[in-house]
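Chemist: Here it is, the structure, as structure tokens.
Throughout, read-outs are computed from the coordinates displayed, never taken from laboratory work. All values derive from a computational prediction rather than experimental measurement. Using ideal geometry, Cβ is built from the backbone for each residue, glycine included, and neighbour counts are taken over all protein chains shown.
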Amino acid sequence: MDNQIKSLFRRVKKVDKNAASELLKIYYADIYSYLRRLCGSRHDAEDLTQQTFLKVWSSLDGFAGRSKFSTWLYRIAHNTYLDWLRKNAVSSQSRPDQWWQECIDKNHGPFVNVAEHQLAQRIYEMVDQFDEDKKHVVHLHYYQGLSIRETAKVLDIATSTVKYRLREVFKALRAKLGVRETGFEQKQTIPIAKGESL
Amino acid sequence: MNTNKKIDKCLKAAPKPPIPDGLLDKLQADLSARDIKTHRSSLRRWFAPAGGAISPWRVAAAAAIAIAVLLPLSYGATKTVKRIIKTFEAKFVYPEDGGAYGVGAGIGSSDPNFTEKEAMEMAEEIRKLCAEGKAEEVEPGVWMVTLSNGKKIHFGGADPEFIALTDVEKNNLLKKQFDEIHELRKAGKFERTFLKEIEINGVMQPFYEDSFTLSDGKVIKMGASGGDPEMLGLSEAERKELLKKQFDEIEELRKAGKFEKIYKPEHDFEIDGVKHRFYLALYTLSDGTVKTVGSSEPVKDEDENKD
């Protein structure tokens with residue numbers, strides 16, 4: 001997959017619009033999902049997705065290839081969202097957007113019972129209430145499946161900061177779920193991608 | 001299953017929002033309607049419409065052009081630039097045939113106490129923002145970035161993709177391009193278009209625009225003149241010394257406001273609703289030579305009333 005992306009990107013750099021179209025097909029759904037979850041509006045997410053890709057096509061020379069193309073793409077999407085947030089000055093709390101509730105209601109997914117299903121629903125709601133810093137690490141690392149390192153690159157922060165924020169997220173979620181903290185639980189490792197630890 | 005594992009499982013299994021019908025078509029249409037910007041000439045925009053430099057004496061003018069055109073755009077259009085600090089400079093001299101090229105950039109401020117440290121930090125932030133694709137083209141050839149402190153910086157004269165490069169990368173790219181231009185010039189492989197004649201020290205000097213097609217397909221257009229006899233016969237070290245002296249003197253004259261302006265309304269532009277006038281600044285140096293540098297200034301209310 002990586003080689004395919006690199007090959008496509010090399011062709012895009014030579015102004016091959018077919019290759020650009022292929023890259024678009026590979027990534028547009030992920031970028032839309034990321035922005036849709038963050039901004040809370042289908043129309044805004046569509047606009048932001050368009051803006052993101054327009055920036056990508058107009059600044060390809062700005063990508064030096066030191067990171068993965070997807071990381072660079074997410075970084076542009078992230079910055080586009082931040083610009084939008086600044087201009088709109090809307091807090092996530094005031095944006096009712098519970099499309100995911102409908103998704104969960106229609107499809108139980110991996111949740112084997114109603115209790116798990118309700119737990120998932122509560123967790124997503126709680127994540128939506130986090131401040132932007134915590135929310136971004138959850139969205140990128142968990143919802144979008146980026147590694148800790150990729151998440152750090154997108155957010156332009158240290159990997160240790162990503163790990164710290166994730167620990168804080170888990171701590172806050174545990175507290176909100178009513179789990180009593182013990183020394184043992186606090187030391188537990190949060191399961192994350194292979195080769196990475198918190 | 002412990003709580004952490006349950007949370008982890010839930011987060012990883014978060015549902016994906018449905019993708020709207022027609023989104024891909026919209027994005028494809030955007031792609032078809034827009035040029036993919038890559039492999040563009042970095043150099044062309046570094047040089048003002050007034051022309052860059054090929055002949056040795058005009059290396060001063062070339063570097064000064066890049067600086068002078070970039071800076072008044074920074075810090076918004078409504079403030080008067082009182083202090084300019086160079087943040088990047090590159091010069092390439094080809095003594096065997098008298099060719100020389102210079103490129104520079106800097107940041108201007110309305111604060112006369114603006115420090116070099118502040119300028120360098122700001123330049124680095126602007127560079128990073130450009131690298132992240134956060135520069136927005138607000139007018140053709142005029143770009144804007146928003147700094148972390150909320151300040152909006154406008155710039156022109158260079159593309160964001162060029163500004164995004166580190167100084168070392170800029171130098172390497174420019175050196176590669178100038179080397180190729182130099183070879184093309186020696187081989188006579190360029191197209192020359194006559195622009196105009198300008199009287200300098202009582203002698204009419206022809207000015208041209210030379211167009212070079214590089215091996216990667218980039219087309220670079222640069223101004224050129226008939227050359228400067230004062231550079232002939234000088235060693236490379238002597239040329240560099242003379243060029244530095246000329247740079248410094250132009251900078252001093254600019255600070256003192258001792259130059260003549262020739263307005264070029266065909267190159268006027270607008271930023272955030274504020275009109276900018278483009279002009280050629282003629283500097284008369286202590287040795288009597290006259291150097292021409294492109295620059296611009298915001299139009300004040302009284303200027304508009306005069307018109």
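Chemist: HN-Hα J couplings of segment A:31-48 from phi, Karplus 6.51/-1.76/1.60, θ = phi - 60°, integer Hz, Gly and Pro as x?
Modeler: 5, 4, 4, 4, 6, 5, 5, 6, 8, x, 9, 4, 5, 4, 5, 5, 4, 5
Chemist: Over 22 Å between Cα atoms: which of B:Lys170/B:Lys218; A:Lys134/B:Lys152; A:Lys14/B:Lys86; B:Lys258/B:Lys291; A:Lys153/B:Lys151 fall into that group?
Modeler: A:Lys134/B:Lys152; A:Lys14/B:Lys86; A:Lys153/B:Lys151
Chemist: Can you figure out the FRET efficiency of B:Lys255 with A:Val15, using R₀ = 41 Å and their beta-carbon distance, to the nearest 0.05?
Modeler: 0.40
Chemist: Rounded if a/c is under 1.5, else prolate if a/b is larger than b/c, else oblate: which is segment A:15-67, with a ≥ b ≥ c the root eigenvalues of its Cα gyration tensor?
Modeler: Because a/c hits 1.5 or more and a/b exceeds b/c, segment A:15-67 counts as prolate.
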